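Below you'll find the structure, written out as structure tokens, and then a few comments.
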Amino acid sequence: MPRRTKIVATLGPATDNEDVLKNLLLAGVDVVRINCSHGSTQQQINRIIAVKQIAKDNKIDVAVLLDLQGPKIRIAKFQNNSVTLANNALFILDADLDEAAGNEHQVGIDYKNLPKELKSGDKLLLDDGRISLEVVSTAHNKINCRVLHGGVLTNNKGINLFGGGLSGEVLSDKDKEDIKLASQLEVDYVALSFVRCKADIDEAKKLLLAHGSSAGIIAKIERAEALTALDEIIIASNGVMVARGDLGVEIGDAELPAVQKKIINRARALDRVVITATQMMESMIDNITPTRAEVFDVANAVIDGTDAVMLSAETATGKHPVEVVQAMSRICIGSEKYPATTSSKHRIECTFERADEAVAMAAMYVANHLDVKAIIALTETGATALWMSRIRSGIPIYALSRFEQTILKMKLFRGVYPLRFDITKQKRDSVNSNAIAELIKLDVVKKGDWIVMARGDYIGVEGGCNTLKILKVGDVN
């Protein structure tokens with residue numbers, strides 16, 4: 001059985017070698033992530049071009065996700081690049097300080113309105129929570145703080161407010177330029193950082209459309225306030241990412257596991273994809289094997305139903321980028337053997353408004369209650385395959401489409417294996433048999449096996465899936 005959970009791998013200096021990148025993709029990466037927070041624009045362009053060329057040369061499909069930097073609020077720089085803050089020391093965040101004038105007493109900040117948004121008693125978390133400060137007072141663009149938990153602090157580290165609530169535009173000027181780049185390079189998904197509400201996603205959609213891009217939007221859930229608008233954010237997007245770094249800093253580590261499970265469950269219930277991210281295999285940046293805790297972390301996300309698990313620094317800057325993908329793949333496959341990953345009560349009580357959605361749900365019900373070897377979805381947009389993938393099942397879904405864009409977007413759907421198949425070039429009475437022939441070529445099915453097929457009566461019509469067929473391989477189909 002092929003792996004159902006998809007793997008997203010971040011590219012970086014460790015993958016810039018052509019052989020390493022090729023081996024990384026061949027190890028089973030479904031989607032590559034381009035992190036706009038690091039590296040130059042030209043480096044990002046080079047990486048995307050290299051991925052597309054390697055995928056073409058090796059006849060594999062790899063989708064591209066461009067992750068926007070977003071308005072992360074950061075400190076500026078220190079004169080000596082770092083300082084050590086002692087517990088209980090006084091430390092000032094100064095909006096008027098020169099960018100590189102920081103020292104052990106003060107540092108500049110990039111978000112100049114920050115002093116106006118804080119009050120005495122607020123807790124600020126720097127460098128993903130490694131440094132914590134309590135706001136004593138604010139005056140004249142200065143935030144006077146007491147160090148609660150000190151340590152080494154280096155340039156440009158992020159600032160979070162415990163409990164959330166900091167504002168700032170979701171799309172920075174850099175993000176707007178990167179959206180233009182997403183259109184030019186025809187990326188498949190754009191990840192939107194620090195989403196707060198549906199309006200943030202609507203703004204990004206308008207910009208993408210204005211530049212002629214049909215990239216899907218992945219909303220990163222990393223602000224505390226996003227949790228109060230979770231359903232509207234999920235519905236407005238094409239998928240969500242459980243961005244556990246900043247989210248954990250804002251809501252606290254103790255709350256994070258339950259929130260992760262909630263986000264995964266709501267995304268699946270609302271027919272959207274979900275990526276679980278951040279520090280999943282962190283020890284493998286240096287080590288050749290993961291810790292047992294990391295194995296359990298990946299496995300629990302898989303068992304909970306995440307569509308994809310993501311690697312960040314592990315592949316971007318780590319010493320073993322290929323091996324970490326291989327290890328994550330093994331963990332996913334092992335976890336998918338657990339019975340809970342193949343049983344579902346998804347939307348069993350629902351009434352559907354669309355015929356194609358009802359057909360998709362019916363196909364999965366039949367497949368899960370009959371000795372079916374594979375499911376075929378003939379799809380224009382990928383919607384039928386997405387609906388099917390929301391139902392937990394151990395049966396592979398082969399999504400056949402004539403559109404390259406649809407093929408690549410479906411690379412993120414759990415349990416879906418996209419195949420190129422131009423239905424408009426088929427004779428009407430041979431569509432079924434030719435579709436089955438594609439699976440026979442892959443040695444997925446053989447004569448006598450049952451398959452379930454969902455398709456439309458009208459060839460090449462978007463949203464026209466209205467037919468469910470139960471077919472036996474080798475019969476007159």
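Nothing in this text is a laboratory measurement; each read-out follows from the coordinates by a stated rule. Just so we're clear, the structure is a prediction, and the values are computed from it rather than from any experiment. Every residue, glycine as well, gets a Cβ built from its backbone with ideal geometry; the counts of neighbours run over all protein chains shown.
Brief remarks on what is shown
- Likely footprinting exposure, Val135, Val461, fewest C-beta neighbours within 10 Å first: Val461, Val135
- Charge dipole magnitude, Cβ of K and R +1, D and E -1 - the chain, Cα centre, debye nearest 20: 1300
- Extent along principal axes [Cα atoms of region 82-161; Å; largest to smallest]: 27, 26, 20
- Pairwise Cα inverse-distance average, inverted: Kirkwood Rh of region 390-439 (Å): 11.8
- Gyration tensor (alpha-carbon) shape descriptor, region 355-472, a/c threshold 1.5: rounded
- Cross-link pairs Lys72/Lys116; Lys373/Lys425; Lys72/Lys220; Lys157/Lys198; Lys373/Lys446 - those with Cα-Cα distance over 20 Å: Lys373/Lys425; Lys157/Lys198
- For percent of Cα pairs over 37 Å apart, the candidate list reads (1) 41; (2) 23; (3) 30; the entry that matches the value derived from this model is (3).
- Size of electric dipole in region 355-472: Cβ of Lys, Arg +1 and of Asp, Glu -1, about Cα centre, debye, nearest 20: 300
- Converting phi to 3J(HN,Hα) with the Karplus coefficients 6.51, -1.76 and 1.60 and the offset θ = phi - 60°, region 28-43 yields x, 5, 9, 9, 9, 10, 9, 8, 6, 7, 9, x, 7, 4, 5, 4 Hz in sequence order, with x at every glycine or proline.
- Fewest-first sequence of Lys198, Lys337 by Cβ atoms within 10 Å of each Cβ: Lys337, Lys198
- Neighbourhood net charge (12 Å Cβ-Cβ; Lys/Arg +1, Asp/Glu -1) for Ala210: +3
- Among the listed pairs Lys176/Lys409; Lys56/Lys262; Lys262/Lys472; Lys427/Lys447; Lys174/Lys262, those beyond 29 Å (Cα-Cα): Lys56/Lys262; Lys262/Lys472; Lys174/Lys262
- Distance between the 7 Å Cα→Cβ label points at Ser214 and Ser430: 2.8 nm.
- Contour excess over end-to-end distance, with Cα ends at Asn17 and Ser167 and 0.36 nm allotted per residue: 50.1 nm
- Each of Asp188, Asp96, Asp127 was scored by other Cβ atoms within 10 Å of its Cβ. Listed from fewest to most, they are Asp96, Asp127, Asp188.
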